[in-house]
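The values are calculated or read from the model by the stated rules, or taken from the named source; none is laboratory data. These numbers were taken from a predicted model, which means no experiment stands behind them. Accessible surface areas use protein heavy atoms only, side chains included; no ligands, DNA or RNA. Shrake-Rupley method; radii C 1.70, N 1.55, O 1.52, S 1.80 Å.
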Amino acid sequence: MEALCPYLWLFQKSNGSTRSHGEDGDDEEALTTAMQKRTRAIHDISDKLVNAKLLMAFSDRKAYGDAVSHFYYIFDAIERQLALNKHENGLKEIAAFLSIMSRAERMKRDLRYFLGADWKSDIKSMPVSVREYVAYIEEVSRERPICLLPYVYHNWMAILAGGQIIRRLATHGMSLPHGKGVSMFAFDGETRASLKRRFKDSVCSIKLDAETRKQVLDESTKVKGGSREVV
């Protein structure tokens, strides 16, 4: 779900290589690093897709707005399901970031700027690939809530890692007035670097047994693989 042209941030190296210590004192690979490794090959495929469409997206406000609308439904689904499961072990650590990290409401502001003040949410108007992906996220939330973790992590970290680049490209490419159409990239009250570090540390602090960790890592590939269906 990451390769529509305006979403170059999703192809940044967003996950860190932090190491964590297990209870036995031995080093173990940080969860963030493990998720990055699982998605590396899919990142490479998505890079090629985004590069082919990038110039068109940043010169056409309607095309850009349409692309943002696809991602609005995906971010909205992820954030709604995280809120519903905010007390789940393994999710409460990242649900604490909802107030500052949530992007869906900010995307709405941008959509009204690009597509008109009367724009309203209507998932039925979206391509089948978007509707199916949202339905799958909701299924994950019902059946194995902890597997929402990679969806939250990859998408939020991607905006933190590359959102400023996209903001500049969009502003210059479409000659946007200062601050208009780029609300989704704005964070209030904390530097991007500090927020990125705190969020990564919270994910690395999550304790998972071996089987659950495997499920989360396996699901991580579906976060990125789904992007090719939405392009």
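Determine whether region 63-78 contains at least one residue that is assigned to a loop (DSSP other than H, G, I, E, B) and of a type in the set (Phe, Trp, Tyr). Break it down into steps so the answer makes sense when it comes.
At the first step, the residues of region 63-78 found to be assigned to a loop (DSSP other than H, G, I, E, B) are none.
No, region 63-78 contains no residue that is assigned to a loop (DSSP other than H, G, I, E, B) and of a type in the set (Phe, Trp, Tyr).
Can you tell me which residue in region 146-159 is nearest to ARG192 (Cα to Cα), limited to those that are open to solvent by less than 10 Å² (accessible area, probe 1.4 Å), hydrophobic (A, V, I, L, M, F, W, C) and modelled with pLDDT of 90 or more?
Of all residues in region 146-159, those open to solvent by less than 10 Å² (accessible area, probe 1.4 Å) come to 147-159.
Among the residues that remain, those that are also hydrophobic (A, V, I, L, M, F, W, C) are: 147-149, 152, 156-159.
Narrowing the set further to residues that are modelled with pLDDT of 90 or more leaves 147-149, 152, 156.
On the way: CYS147: 25, LEU148: 23, LEU149: 20, VAL152: 17, TRP156: 11 Å.
Among residues in region 146-159 that are open to solvent by less than 10 Å² (accessible area, probe 1.4 Å), hydrophobic (A, V, I, L, M, F, W, C) and modelled with pLDDT of 90 or more, the one nearest to ARG192 (Cα to Cα) is TRP156.
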